[in-house]
1. Looking at Val66, Val51, Val122, Val79, which one is modelled with pLDDT under 95, open to solvent by 60 Å² or more (accessible area, probe 1.4 Å) and β-branched (Val, Ile, Thr)?
2. Residues that are basic (Lys, Arg), open to solvent by 80 Å² or more (accessible area, probe 1.4 Å) and more than 27 Å from Ile53 (Cα to Cα): does segment 145-168 have at least one?
3. Output the number of residues of segment 12-42 satisfying the condition of being touching a residue at least 12 places away in the same chain (Cβ under 8 Å) and of a type in the set (Phe, Trp, Tyr).
4. Taking the conditions exactly as written (exposed (fewer than 14 other Cβ atoms within 10 Å of the Cβ), assigned to a helix (DSSP H, G or I) and of a type in the set (A, V, I, L, M)), does Val15 satisfy them or not?
5. Based on what the data block shows, is Cys108 open to solvent by 40 Å² or more (accessible area, probe 1.4 Å), hydrophobic (A, V, I, L, M, F, W, C) and either without any contact (Cβ under 8 Å) to a residue 40 or more places away in the chain or part of a loop (DSSP other than H, G, I, E, B) (or both)?
Amino acid sequence: MGECYSSVMDFLYRVSMWIAGIALLVMVAIIPIGIFARYVLNNALSWPEPVAILCMVTFTFIGAAVSYRAGSHIAVSMVIDRLGEASRRYCSVIADVMLVAISLFILCYGTNLCLELWGQPVAEFPLLSAGQNYLPLPIGSAITLLFIAEKIFRGPQYQRPVVMLGSTS
């Protein structure tokens, strides 16, 4: 059962990595288009900024889940590196509990935000509503919670082949 869950998480990890990467690439491509149109063509486009913001929110929240599973999220470990093994494990559990609390907060708040803004149009980009623009918040938080559950019940997944893909170590 546990290996099956980790296999599903491997698939979710790959999909999340692709989504975050594509969002980053789209944002990097769209910002220069907006700048070129505004300053060279003297014709400001309305859509590059909201699309870039959507991409930034997407790669931030989906990418955070990916980096958590890979163990490459930001961490200040100066104090933890000097602790004994038992104290390190205790700090890891505390960090996971705090991340669960934060992820649950973002999941609940993000879901409520999406529901409240679902029908509100975005004038600059009418393809999506304001609520749809914030969907990466609850989705990314839910993915993070799934990865935290995997770490709690199956241990860190940093050494799985799918997570090590592209790693130089």
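The values are calculated or read from the model by the stated rules, or taken from the named source; none is laboratory data. Only a predicted model underlies this, so the values are computations on that prediction, with no experimental measurement involved. For neighbour counting, all protein chains shown are included, and Cβ atoms are generated from backbone atoms with ideal geometry for every residue, glycine included. We work out accessible area using only protein heavy atoms, side chains counted, and drop any ligands, DNA or RNA first. Shrake-Rupley method; radii C 1.70, N 1.55, O 1.52, S 1.80 Å.
1. Values: Val66 fails: open to solvent by 60 Å² or more (accessible area, probe 1.4 Å); Val51 fails: open to solvent by 60 Å² or more (accessible area, probe 1.4 Å); Val122 fails: open to solvent by 60 Å² or more (accessible area, probe 1.4 Å).
Just one listed residue meets the conditions, Val79.
2. Scanning segment 145-168, I find at least one residue that is basic (Lys, Arg), open to solvent by 80 Å² or more (accessible area, probe 1.4 Å) and more than 27 Å from Ile53 (Cα to Cα), so the answer is yes.
3. The initial filter retains those residues of segment 12-42 that are touching a residue at least 12 places away in the same chain (Cβ under 8 Å), namely 12-14, 16-17, 19-21, 23-24, 26-27, 30-31, 33-34.
Checking the rest, the ones that are also of a type in the set (Phe, Trp, Tyr) come to 13.
Residues meeting the conditions: 1.
4. Answer is yes for this residue.
5. Yes: the conditions hold for Cys108.
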